[in-house]
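Below is the structure I would like to discuss, written out as structure tokens.
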Amino acid sequence: MEERLFEGFVLTGGRSSRMGRDKALLPIDRSTLVEQVAARVRAAAGCATLIGSPERYASLGLPVAADLIEDCGPIGGVYTALKISSAPWNLAVACDMPAVTAGFLAGLLEAARNADAECLVPKTGPSLHPLCAVYNRRALAALEYAIHHKSFKMHDLLRSLRTVTLPVSDASLLENVNTPIEWSAR
């Protein structure tokens, strides 16, 4: 069996408290937001596994892995992805990014493959986007350390890794939706 260079993951573990309902299951173009994001991740990485509640997403027919460590936010999702992955490079994308494209994600993966880094993260202006980034499995130790020390901020994690940024001119690709107003405005 050929070993994969890339694996793709969609992070679905958020509480969606500002949205008032599960963002992943928002209807869009005869499917759900998470199904669309997963299809784009799969097109770029060759596979897509949801990280979140298997019970909540079982009806979608997509592979789902439960967070191995709960209640530590997105760091727990990225940790789970790297822990279950056999690929060196792992694309992690939040489920609430309706404009992200497969072409953009494929470009991230290609840039990561050529980077001497543990993480490749897109950057728009001064903003980093760690929830649409590529993590090398070598970052697993830093994730374990962060979780053990209850340091759950993604930007703190990026500072602890050998991180390369990729400038992105079209910030709309990386916008996420957190509220009903943001969802209706897209």
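The values are calculated or read from the model by the stated rules, or taken from the named source; none is laboratory data. Remember, predicted model here, so these are calculated numbers, not experimental data. Don't worry about glycine lacking a Cβ; one is built from the backbone with ideal geometry, like all the others, and counts go over all protein chains shown.
Looking for whichever is under 18 Å from ALA44 (Cβ atoms) and among the charged types (D, E, K, R) here; the options are ASP96, ASP116. Which one fits?
ASP96
Checking ALA111 against (1) farther than 20 Å from VAL34 by Cβ; (2) touching a helix residue (DSSP H, G or I) at 6+ places or on another chain (Cβ under 8 Å); (3) surrounded by 15 or more Cβ atoms within 10 Å (Cβ to Cβ), only one condition comes out false. Which one?
(2)
I've got another one for you. State all residues of the stretch 89-124 that are in a helix (DSSP H, G or I) and more than 15 Å from THR165 (Cα to Cα); if no residue qualifies, say none.
Answer for the stretch 89-124, where residues must be in a helix (DSSP H, G or I) and more than 15 Å from THR165 (Cα to Cα): ALA102, GLY103, ALA106.
From the residues in the stretch 67-96 that are of a type in the set (A, V, I, L, M, F, W, C) and at pLDDT below 95, which one is surrounded by the most Cβ atoms within 10 Å (Cβ to Cβ)?
My answer is CYS72.
Filter the stretch 164-177 for residues that are small (Gly, Ala, Ser) and either under 19 Å from ALA94 (Cα atoms) or crowded, with 17+ Cβ neighbours inside 10 Å (or both) and give the result.
ALA171, SER172
Where in the stretch 1-88 are there helices (runs of 4 or more DSSP H), lying wholly inside it, with at least 2 residues that are among the small types (Gly, Ala, Ser) and in contact (Cβ under 8 Å) with a residue 60 or more places away in the chain?
Here the list reads 33-45, 74-84.
Now a separate question. Of all residues in the stretch 125-163, which are aliphatic (A, V, I, L, M), surrounded by 14 or more Cβ atoms within 10 Å (Cβ to Cβ) and either without any contact (Cβ under 8 Å) to a residue 24 or more places away in the chain or part of a loop (DSSP other than H, G, I, E, B) (or both)?
Those that are aliphatic (A, V, I, L, M), surrounded by 14 or more Cβ atoms within 10 Å (Cβ to Cβ) and either without any contact (Cβ under 8 Å) to a residue 24 or more places away in the chain or part of a loop (DSSP other than H, G, I, E, B) (or both): LEU131, LEU161.
Separate question: Tell me whether the stretch 20-32 contains one or more residues that are crowded, with 23+ Cβ neighbours inside 10 Å and in contact with an Asp or Glu (Cβ under 6 Å, 6 or more places away or on another chain).
Within the stretch 20-32 (the criterion being crowded, with 23+ Cβ neighbours inside 10 Å and in contact with an Asp or Glu (Cβ under 6 Å, 6 or more places away or on another chain)), the answer is yes, since at least one residue qualifies.
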